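Computed from the coordinates by the stated procedures, all read-outs in this text should not be read as laboratory data. As the structure is a prediction and not an experimental result, all values here were calculated from the model. Every residue, glycine as well, gets a Cβ built from its backbone with ideal geometry; the counts of neighbours run over all protein chains shown.
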């Protein structure tokens, strides 16, 4: 072929070869204290109370969950706080057999997107949360969980700390 | 984007270079960039002193393990004492780099531009997957300990559910691309596999299995772009960049339906308008849609308006996207077959189209004559797309 | 060649702490102000958007994800330049000159108050094999190496102190100057060295802030405002690695200013009416003034760099008074220059540096 | 949001760290390490322009060609130095330390070193520890 067949300067290594090579190691230090700002502070406070707060733009009617202080479609400040339901429809769901460090999990962790009420089937954008879903692997695999109505299972009041993890998961009702 | 009649300067492609794509490389990121850049200059018949400006593309700093990676890569990319900068749109970076190179030349500020993309993912421990946790919203998503594959799996499953697509039909993409990669001398994972192989591979995040995914890789890619005058001086078989487009959707990815990449439609329409393409499925001869996962190629063929919504799997089954099909897709072997050093992979896709239009793709050359080709990349939190249209 | 103008700029913050806003909310504030000034609707009138940021400053990998929403750029052509805001402005101008855009927005922001140990992030930007491994107790050693070499050209610690005094006083007239102050030379010279030959007062602090600028093509700029600020010349460049770069000189600004002045058809920087020049270390202002082709030592000692001098440098305080807003630094200097020109001055040069450990900088030549 | 500000807000702590990074050195970097073990400083020469690079690397930054032979470098001297009195956290060091950039006659590049003795520009030094960074003594 006519593409480069010149001398190879690069050296692919196998894992064993790489292990034998000298290397420089470095442990980074990258710690942050992310400012939640107005919108996410109120959202986290709401979770602690067992409520899901959104923010509504009166011009286009869109409700942002998680909330935003501005409407990205209209480019104007959003107008009011709205408490949305902790119930909604499963838009998508997946079953993870690997942890975030890519270790194998015995039983899968199930996560997905929940379109929260008020919203309708016809919407392309809607208030929603990305979260865990309490259901079986089979319900994911045969897709039956998608389209089902679910409700948040909250941690007990004393265990809530103003975190997305104050919701254990969403479960079919 | 309003239609624009003012862009008048044509930008041509003079050369391309790639390193092998492999899971582990001895060379430093700077050296990988150098190897690809040197090869691109050689193919163009130019020396570094001829180059006015350099554009670098690389995905997260957290992979190579260097903050301000563009500064670090500038040396190996030939950027020293020149106008050099790095552009970045997550996974979509690979095609953003030639787009940026395009406006460097089209603006009249630069005549000859070297664009370089590099990624080295083998150095981060325990696994590159762990790094992907940091791409999520730090307060509302990261505490759920997500990994990257979740994104793809969620989008893939929504796409399957919406149109009733079977996993077996999607697996055909993996089969096709790994087969195409057999012809590509740079490829990391070429091979003859079957739909059953995909279906029997390890389940990672259902519906995503091992063979639905491209590997992590080290590698670099480079291209030389030049003004119309220069291009004509250096080659009798020019390939032109005729359209560019890019779009970012908002960050609120859970709050929109994932079955369709509307941002890609925007980006594609921007590029097509510029290139004067009105019927993409009739006017485009060869395409390299971004395929880090098999379903993404189908998703993107629909966003690119080459297939109707939900139609790509059926066209794939009919052989429409095969090397001898109506619109061959991923003739290079794509990320699934060649490997996925993120930004370099996107630029590799652009280079693949350049090879096709130049007629130097060797065994990868598609059967039908080609006039117009499109490359595309995708990134961020299911929100970014970059599209480039080229003609010979 | 067609021309590009800055028609509006907006800012928010410029305080050491900004707990009332997330970085996204801060950017929205700056963008709102910029669009109000330009009287445009970003959802309809803007063709392309550029954000300038780096992942480890944000604490988010692929921080680009968060770029579009707060500037009105979602579902629009938005991209990131991983670099200083000046580089973003040049990219924006190129997009306009290429014909693909008539109005381009360039944004950059910083929230160093969210970063626990910013020096560890700076260290992470050093070459992993030959520089980071030095494990220096203080990251500013890189500036120390450069500064002590620069002193060999005949500069003294008093010269550096003079820059500190001048810029901290100049900052008192700007609302963005959290670190402005009225200090005597003695106050400044009485400080201990942190890293020879620099004391704490020679080193600018970090600041939270966001800046949004609106660029327009010549035709559109004239429609939008009676006072477009033209970008006549622009360039950015990088010198080599630490080992291979010139120390005691700012080669990146020598190259950038040469090219930018050529583009602006200005044969000598003395023809311009002032400079907004990176001073994140006091000596750097002088090194940078030299690199754009002026005799910094003489001009400083003659008082020509003062606010009322022949060639005022950082008359609004520079980084020593305002702080370093990370990748918005170049835009901070540009914003000072923009306000300076709107107040009636004729022309200015903006010269920005990305700070340690980089050898990258950019120049704009601006005219009213 | 301008009308809806000023309440007490929260912040959220998290990290963006890999467990660790391992960096390979490339062929030239490995040769340099070998040299250090033998008490030698290797540079690498560009066949085209004749310049010798240290630290050695794969390519010449100007000619953009692969570099050629390795050469042993001699006559180290201080090009520039600094002395550190306070650390990054603002604590005064018990004993100030000096770091210099060491260059070699006729060579492009240099190496960082901790310096013993009175550091100053252009002073010759002796390498007392071959490591990254070097340790040198003013002679």
Q | Estimated inter-spin distance, residue A:153 and residue D:105, nm [label 7 Å along Cα→Cβ] | A | 7.8 nm
(Q) With viscosity set to 0.692 mPa s at 37 °C, what whole-number translational diffusion coefficient in µm²/s follows for chain B from Stokes-Einstein and a Kirkwood radius over Cα pairs? (A) 161 µm²/s
Q.
I want the antiparallel fraction of DSSP beta bridges within chain C, as a percent rounded to 5.
A. 75 percent
Q: Note down the relative contact order for chain D as a percent, whole number, built from C-alpha pairs under 8 angstrom at least six residues apart.
A: 17 percent
Q | chain A: most fluctuating residue of A:54, A:88, A:147 per GNM, C-alpha cutoff 10 Å | A | A:147
Q. Relative contact order for chain C using alpha-carbon pairs under 8 Å, separation at least 6, rounded to a whole percent?
A. 25 percent
Q | Packing-based order for D:98-109, C:211-222, using average beta carbon neighbours within 10 Å, highest first | A | C:211-222, D:98-109
Q) Can you give me the Cα centroid spacing of the range C:239-275 and the range A:121-169 in angstrom? A) 57 Å
Q | Computed helical MRE - 222 nm, the protein assembly as shown, DSSP H runs ≥ 4 contributing -39500 (n - 2.57), nearest 500 | A | -8000 deg cm²/dmol
(Q) Between the range C:142-212 and the range B:127-196, what is the separation of their alpha carbon centroids in Å? (A) 52 Å
Q | Fluctuation leader among D:19, D:38, D:118 - chain D, Gaussian network, Cα springs under 10 angstrom | A | D:19
Q. Between residue B:273 and residue B:192, how many nm apart are label points set 7 Å from Cα along the C-beta direction?
A. 4.8 nm
Q. On a 0 to 90 degree scale, rounded to 10, what angle separates helix A:37-48 from the longest Cα axis of chain A?
A. 70 degrees
Q | 0 to 90° range, to nearest 10: angle between helix C:85-97 axis and chain C longest Cα axis | A | 30 degrees
Q) For residue D:38 and residue B:52, what is the calculated FRET efficiency with R₀ set at 60 Å and r taken between the beta-carbons, to the nearest 0.05? A) 0.90
(Q) Sort A:20-26, D:31-37, C:181-187 by the packing proxy (mean of other Cβ within 10 Å over each peptide's residues), most packed first. (A) D:31-37, A:20-26, C:181-187
Q | Rounded to 5, the percent of DSSP beta bridges in the protein assembly as shown classed as antiparallel | A | 80 percent
Q: Please report, to two decimal places, log10 I(q)/I(0) for the protein assembly as shown at q = 0.04, 0.08 Å⁻¹ as given by the Debye formula with identical point scatterers on the Cα atoms and no solvent.
A: -0.18, -0.78
Q.
Inside 10 Å of the C-beta atoms of B:141-151, what's the mean count of C-beta atoms belonging to other chains?
A. 6
Q) Once the Cα gyration tensor of the range C:1-77 is diagonalised, what are the square roots of 5 times its eigenvalues, in whole Å and ordered largest first, as equivalent ellipsoid semi-axes? A) 23, 16, 13
Q: In whole angstrom, note down how far apart the Cα centers of the range C:15-35 and the range A:1-79 are.
A: 19 Å
Q.
If you take each beta carbon of peptide A:71-83 and count the beta carbons of other chains within 10 angstrom, what is the mean?
A. 5
Q) Counting alpha carbon pairs within less than 8 Å and at least 6 residues apart, what relative contact order, in whole percent, applies to chain A? A) 19 percent
(Q) Please report the antiparallel percentage of DSSP beta bridges with both residues in chain A, rounded to the nearest 5. (A) 95 percent
Q) Which residue, C:16, C:137, C:357, has the most motion in a Gaussian network model of chain C that connects Cα atoms within less than 10 Å? A) C:137
Q. Counting every Cα pair in the range C:1-150, what percent are over 29 Å apart?
A. 29 percent
Q) Per the Cauchy relation, a quarter of the hull surface: what is the mean projected area of the convex hull of the alpha carbons in the range D:75-139, in nm²? A) 4.6 nm²
Q | P(r) weight above 37 Å for chain C, C-alpha pairs, percent | A | 13 percent
**Q.** Förster-model FRET efficiency, 60 Å R0, residue D:31 and residue B:228, C-beta, rounded to 0.05
**A.** 0.85
Q: For peptide D:29-39, compute the average count of partner chain beta-carbon atoms within 10 Å of each residue's beta-carbon.
A: 2
Q) Listing A:137, B:186 from the residue with the fewest other Cβ atoms within 10 Å to the one with the most, what is the order? A) A:137, B:186
Q. Hey, got the Cα dimensions of chain D along the principal axes, in Å, largest first?
A. 67, 40, 29
Q: Using only Cα atoms, tell me the angle between helix D:26-37 and the longest principal axis of chain D; keep it within 0 to 90° and round to the nearest 10.
A: 70 degrees
Q | Peptides ranked, highest mean first, by Cβ atoms within 10 Å: ranges C:242-255, B:104-117, A:116-129, D:73-86 | A | B:104-117, C:242-255, D:73-86, A:116-129
Q | Kirkwood hydrodynamic radius over Cα pairs of the range B:74-227, then Stokes diffusion coefficient at 25 °C and 0.890 mPa s, in µm²/s | A | 132 µm²/s
Q. Stretched out fully, how many nm does the piece from residue C:17 to residue C:192 gain, at 0.36 nm a residue minus the Cα gap?
A. 60.4 nm
Q: Would you please state the base-10 log of I(q)/I(0) at q = 0.17, 0.18, 0.26, 0.33 1/Å for the range D:25-73, with intensities from the Debye formula using one equal scatterer on every alpha carbon?
A: -0.41, -0.46, -0.87, -1.23
